[in-house]
Amino acid sequence: MEKNIDTFTEKDLAIELNIAFRTLQQAHKTKLKIWVYTREKLCKGTYVYHIENFYKKSNFMKTIESIAEVEVQFPNEKTAEKLLYLFIKEDLSTSSDEEIAEKMQLSSKTIGKYINLFREVGILKFKLPYERIREIDLETGEIIMGKRIDLNDSKDYKYYLYGRNKEKTEIPYSQYRFVLAQYYKGRQSKYYLFLSKGLSKQLAAQKFSTDAYNEIYVQYEGFPVRMFSKSLTEKAYKKINLTF
């Protein structure tokens, strides 16, 4: 491949790499290890970098952009690559961000950021935002925002009972709905029971939810939880699997 030398000031290079200027100064050998480069000192504390083929895309990024059909940038390409390798090797469809973060030895906030990026570019199933129904106040005639509606298909979720020691038992959607309905029915009955016993509305509200939760937890050995699937899209799985 023909060599192309790109020259950057430290400030411009830090912007290109999406890192802090001071980080580049202190750890340029680590941050630039995938490139061949020279570092030229102009004057005290000022450098420029001459980098071979800085804008050459890796095979991994070419694959990602063939899935997204647009140009894609990750905060850290190597992190994105390691995370997707984990998705190929393990079933993470019902794993929480915290569980994945533990495997990757990163923060759950960082994992969440990459998960959202993966959804945006078509690697993981895109999650539609909730939509609130517009309703009319019959007394004032004003348009108000009503209850939230989930626009996602129920098939895009995974359902399970979340038990002790973070154990998860996958269950069908029908069972999830049934157990959840039992929970809300229990909440309502306990609320009125506590009121009938003389508890204030505030105390009844504090107690009824916990008691209803505990009853469901004991009866079904867990509480029903749903999680939007983290499964790779069919297109992404085929292309990324070939890359690894």
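The values are calculated or read from the model by the stated rules, or taken from the named source; none is laboratory data. All of these numbers come straight from a predicted model, not from anything done at the bench. All Cβ positions, glycine included, derive from the backbone under ideal geometry; neighbour counts span all protein chains shown. Surface accessibility is based on the protein's heavy atoms, side chains included, excluding ligands, DNA and RNA. Shrake-Rupley method; radii C 1.70, N 1.55, O 1.52, S 1.80 Å.
Which trypsin sites (Lys or Arg not before Pro) in the stretch 182-235 pass both tests, a DSSP loop state and at most 15 other beta-carbon atoms within 10 Å?
Here the trypsin sites (Lys or Arg not before Pro) that fit, given the DSSP loop and packing criteria, are K197.
Treating only the Cβ atoms of Lys and Arg (+1) and Asp and Glu (-1) as charged, compute the dipole magnitude of the stretch 12-93 about its Cα centre; round to the nearest 20 debye.
580
Kindly report, to the nearest 10 Å², the accessible surface of V218 as traced by a 1.4 Å probe over protein heavy atoms only.
Accessible area of V218: about 110 Å².
Where in the chain are the DSSP H helices whose C-alpha atoms run 24 Å or more along the long axis and whose mean Kyte hydropathy is at least -1.0?
Membrane-span-like by this rule: 173-196, 201-220.
Taking only C-alpha pairs under 8 Å that are 6+ residues apart, what is the relative contact order of the stretch 75-229 in percent?
RCO, the stretch 75-229: 20 percent.
Probe 1.4 Å, all protein chains in place: accessible area of Y217 in Å², nearest 10?
For Y217, solvent-accessible area is about 40 Å².
How big is D, in µm² s⁻¹, for the stretch 30-160 by Stokes-Einstein at 4 °C and 1.567 mPa s if Rh is the Kirkwood radius over C-alpha pairs?
69
For Y173, Y162, Y47, write out the residues from largest to smallest accessible area, computed with a 1.4 angstrom probe and no ligands counted.
Y173, Y162, Y47
Using the heavy atoms of the protein chains and a 1.4 angstrom probe, tell me the accessible area per residue for the chain in square angstrom.
68
Is the shape of the stretch 90-244 rounded, prolate or oblate, going by the alpha carbon gyration tensor and its root eigenvalues a ≥ b ≥ c, with a/c under 1.5 for rounded and a/b larger than b/c for prolate?
oblate
Can you give the longest stretch of the chain with no exposed loop site, where a site means GluC sites (Glu not before Pro) in a DSSP loop (not H, G, I, E or B) with at most 11 other C-beta atoms within 10 Å?
Here the longest segment lacking exposed loop sites spans 168-244.
So how much accessible area does K89 have, in Å² to the nearest 10, using a 1.4 Å probe?
120
Could you list, in their original order, any pairs among K113/K238; K57/K109; K62/K82; K113/K147; K33/K238; K31/K82 whose Cα atoms are separated by more than 19 Å?
Beyond 19 Å between Cα atoms: K113/K238; K57/K109; K113/K147; K33/K238.
Ranked from the most accessible area to the least, with a 1.4 Å probe and all protein chains present, what is the order of K31, K62?
K62, K31
Using the charge dipole of the chain (Lys, Arg: +1 at Cβ; Asp, Glu: -1 at Cβ; taken about the Cα centre), state which of F126, L32, Q105 has its Cα farthest towards the positive end.
Q105
Using alpha-carbon pairs under 8 Å, 6+ residues apart, how would you state the relative contact order of the stretch 151-244 in percent?
Across the stretch 151-244, relative contact order equals 39 percent.
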